[in-house]
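Q: First the structure, which I've put down as structure tokens, then a few questions once you've had a look.
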Amino acid sequence: MSSQLPNIFSFQTPKHRRIATLKTPSPHINCLAIHANLLYASSANEINVYSLSDHSFVDSFNHDPTTGFVKSIAFNQTKIFTAHQDGKIRIWKIDTLYKNHQLISTLPTVKDKFLNFMLPKNYVNVRRHKKKLWIQHWDTVSGLMVNDAKGLMYSVSWDKSFKIWNVKNQRCLESVKAHEDAVNTLAVSGNGTVYTGSADGLIRIWEMAERRHSLVGTLDKHKSTVNALALNDEGSVLFSGGSDGRILVWKKGDDENEVGYVESLWDHKGAILCLINVGEWFVSGSSDRTVRVWQRGGKEGGGFHCSIVLEGHEKPVKSLVAVETSVLEGVFSICSGSLDGEIRVWEISICFVSIFVAFTSCDGQMTVLVLR
């Protein structure tokens, strides 16, 4: 009796469950962020803080409605940077003992303004008959990102620019006119490559050259506003989401400055509003009120496909954030924030299934053994 060696097929079967629901005092959640086991949720102008250990309320700050909506939150050690609709970036200090937050500065700082206001060359035209210092954003600051390794913070704005700040001395180092329309989102790789997404439908790629950022590439396959960008852990794959409901996948080529289009994902029925990367997966939130979890493989060409749909929000999903859990152990958690004022905490578990298929030639029988 002769038999062939068994064929082994392996695949992943994801599962999910909702483990908590948090309700902010006011609706319209714009941004979620996580730092030191605390969840920060901006709701209109206020920022509410919750413990990730037991999901209890911890603190609330920025009660001044004149600052406008809080659009983005970033961290550096015990400092919090918040981006506001009034065109300012505010810096808060975290009291680690009492878990409260105190405003310590606003960017640009008074000192930075003083050092620049005397010289006419430091002013730029922002509207007809109106000028501002080049270190100032003059419209909504829509996104922030901190690169701890380089000690830099990047900000993007509806004023069509992005700026680079020294985190330590809080000075503005550079301002770049990036697009012909509002800049909505950014992503920054570990080596400092900056990606900006705009209402003009373009994604632009910027690299540092001779102490200044230069445009090295433009991605133009979106036919609508670009709302969200995310990079994988290696910085080699870029995900972009637009108002037309498409998610585009891009990949770096052999040339560091070459980024090529890979595929389009159409599963959402509304605008893509947020994207995050979690290990080998990425997650998207949409105006169709759903959250989708995507994994590679399972279709021709080895591209991404939607493996989980998370439902329950009553209004568009505006923000997503990943909780620091071990993807290698097959479990990770995400938080989704919606314009309905709810934050939902989801646990995603990944089961690995192996199928052993053996054929016996003498009687034609097939033996199948499934191990999880």
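Q: Mind counting the residues in the range 8-48 that are open to solvent by less than 20 Å² (accessible area, probe 1.4 Å), in contact with a Cys (Cβ under 8 Å, 6 or more places away or on another chain) and within 18 Å of LEU310 (Cβ to Cβ)?
A: 3
Q: Separate question: Which condition breaks for ASN116 when tested against (1) closer than 29 Å to VAL49 by Cα; (2) open to solvent by less than 40 Å² (accessible area, probe 1.4 Å)?
A: (1)
Q: Oh, and also: In the list VAL323, VAL370, VAL353, which residue meets the criterion of being modelled with pLDDT under 95, touching a Cys at 6+ places or on another chain (Cβ under 8 Å) and either open to solvent by less than 40 Å² (accessible area, probe 1.4 Å) or over 17 Å from CYS31 (Cα atoms) (or both)? Before you say what the answer is, go through the steps one by one.
A: Working: VAL370 fails: touching a Cys at 6+ places or on another chain (Cβ under 8 Å); VAL353 fails: touching a Cys at 6+ places or on another chain (Cβ under 8 Å).
After ruling out the rest, the residue left standing is VAL323.
Q: In the range 80-104, which residues are of a type in the set (D, E, K, R) and either in contact (Cβ under 8 Å) with a residue 60 or more places away in the chain or in contact with a Gly (Cβ under 8 Å, 6 or more places away or on another chain) (or both)? Can you show your working first?
A: Just the residues of the range 80-104 that are of a type in the set (D, E, K, R), to begin with: 86, 88, 90, 93, 95, 99.
Answer for the range 80-104, where residues must be of a type in the set (D, E, K, R) and either in contact (Cβ under 8 Å) with a residue 60 or more places away in the chain or in contact with a Gly (Cβ under 8 Å, 6 or more places away or on another chain) (or both): ASP86, LYS99.
Q: Let me spell it out: the conditions are (1) open to solvent by less than 30 Å² (accessible area, probe 1.4 Å); (2) in contact with a Phe, Trp or Tyr (Cβ under 6 Å, 6 or more places away or on another chain), and MET145 meets all of them except one. Which number is the exception?
A: The failed condition is (1).
Q: Test SER338 against the stated conditions and say whether it is open to solvent by less than 40 Å² (accessible area, probe 1.4 Å), of a type in the set (Ser, Thr, Tyr) and at pLDDT 95 or above. If you could, list the steps in order and put the result at the bottom.
A: Numbers: open to solvent by less than 40 Å² (accessible area, probe 1.4 Å): yes; of a type in the set (Ser, Thr, Tyr): yes; at pLDDT 95 or above: yes.
Yes.
Q: If you don't mind, another one. Can you name the residue in the range 70-108 that is of a type in the set (S, T, N, Q) and surrounded by 20 or more Cβ atoms within 10 Å (Cβ to Cβ) and is also farthest from SER319 (Cα to Cα) among such residues? Steps first, please.
A: Keep residues of the range 70-108 that are of a type in the set (S, T, N, Q), which gives 72, 76-78, 82, 85, 96, 100, 102, 105-106.
Cutting the leftovers down to surrounded by 20 or more Cβ atoms within 10 Å (Cβ to Cβ) gives us 72, 82.
Details: SER72: 10, THR82: 15 Å.
By that ranking, first place goes to THR82.
Q: Any residue in the range 275-299 that's closer than 24 Å to GLU314 by Cβ and of a type in the set (D, E, K, R): show its pairings with residues that are assigned to a loop (DSSP other than H, G, I, E, B) and open to solvent by 20 Å² or more (accessible area, probe 1.4 Å) at Cβ separation under 7 Å, as long as the two are six or more apart or on different chains.
A: ASP288/LYS269; ARG289/GLU314; ARG289/LYS315; ARG289/PRO316; ARG292/ASP267
Q: Against the definition (part of a strand (DSSP E or B), at pLDDT 95 or above and closer than 25 Å to SER319 by Cα), how does LEU186 come out, yes or no?
A: On the way: part of a strand (DSSP E or B): yes; at pLDDT 95 or above: yes; closer than 25 Å to SER319 by Cα: yes.
Yes; evaluated as a whole, the condition is true for this residue.
A quick yes/no check of all residues on (1) within 17 Å of TYR123 (Cβ to Cβ); (2) in a strand (DSSP E or B); (3) of a type in the set (Lys, Arg):
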{"position": "TRP138", "(1), (2), (3)": "yes, no, no"}
{"position": "GLY143", "(1), (2), (3)": "no, yes, no"}
{"position": "VAL146", "(1), (2), (3)": "no, yes, no"}
{"position": "ALA149", "(1), (2), (3)": "no, no, no"}
{"position": "MET153", "(1), (2), (3)": "no, yes, no"}
{"position": "VAL156", "(1), (2), (3)": "no, yes, no"}
{"position": "LYS163", "(1), (2), (3)": "yes, yes, yes"}
{"position": "LYS168", "(1), (2), (3)": "no, no, yes"}
{"position": "LEU173", "(1), (2), (3)": "no, yes, no"}
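Q: Right, here's the next one. Which of the residues belonging to the range 105-136 are assigned to a strand (DSSP E or B), under 17 Å from ARG171 (Cα atoms) and without any contact (Cβ under 8 Å) to a residue 24 or more places away in the chain?
A: Going through the range 105-136, the residues assigned to a strand (DSSP E or B) turn out to be 105-107, 123-127, 130-133.
Those still in the list that are under 17 Å from ARG171 (Cα atoms) too: 105-107, 123, 132-133.
Correct list: THR106, TYR123, LYS132.
Q: Any idea which residue in the range 249-270 is modelled with the lowest pLDDT, counting only those that are within 28 Å of VAL216 (Cβ to Cβ) and assigned to a loop (DSSP other than H, G, I, E, B)?
A: Of all residues in the range 249-270, those within 28 Å of VAL216 (Cβ to Cβ) come to 249-265.
With the extra rule that they be assigned to a loop (DSSP other than H, G, I, E, B), the set shrinks to 253-258.
Working: GLY253: 86, ASP254: 78, ASP255: 76, GLU256: 68, ASN257: 72, GLU258: 86.
Among those residues, the one meeting the criterion is GLU256.
Q: I'd like to know if the range 49-69 contains one or more residues that are of a type in the set (Phe, Trp, Tyr), surrounded by 20 or more Cβ atoms within 10 Å (Cβ to Cβ), under 19 Å from CYS335 (Cβ atoms) and under 23 Å from the mean Cα position of the chain (by Cα). Explain how you work it out, then say what you get.
A: Applying the first criterion (of a type in the set (Phe, Trp, Tyr)) to the range 49-69 yields 50, 57, 61, 69.
With the extra rule that they be surrounded by 20 or more Cβ atoms within 10 Å (Cβ to Cβ), the set shrinks to 50.
So of that shortlist, the ones also under 19 Å from CYS335 (Cβ atoms) come out as 50.
Imposing the further condition that a residue be under 23 Å from the mean Cα position of the chain (by Cα) reduces the set to 50.
Yes - at least one qualifying residue is present in the range 49-69.
Q: Here is a further query. For the range 200-211, what are the residues that are part of a strand (DSSP E or B) and surrounded by 12 or more Cβ atoms within 10 Å (Cβ to Cβ)? Outline the logic, then answer.
A: Step one: filter the range 200-211 for residues part of a strand (DSSP E or B), giving 203-209.
Across the range 200-211, the qualifying residues are ILE203, ARG204, ILE205, TRP206, GLU207, MET208.
Q: Only one of (1) in a strand (DSSP E or B); (2) open to solvent by 10 Å² or more (accessible area, probe 1.4 Å); (3) small (Gly, Ala, Ser) is not met by SER224, so which one is it?
A: It fails just one condition, (1).
The values are calculated or read from the model by the stated rules, or taken from the named source; none is laboratory data. Note that the structure is a prediction, hence the values are computed from the model and not measured. Cβ: placed from backbone, ideal geometry, glycine included. Neighbour counts: every protein chain shown. Note: accessible area is taken over every heavy atom of the protein model, side chains too, but ligands, DNA and RNA are not part of it. Shrake-Rupley method; radii C 1.70, N 1.55, O 1.52, S 1.80 Å.
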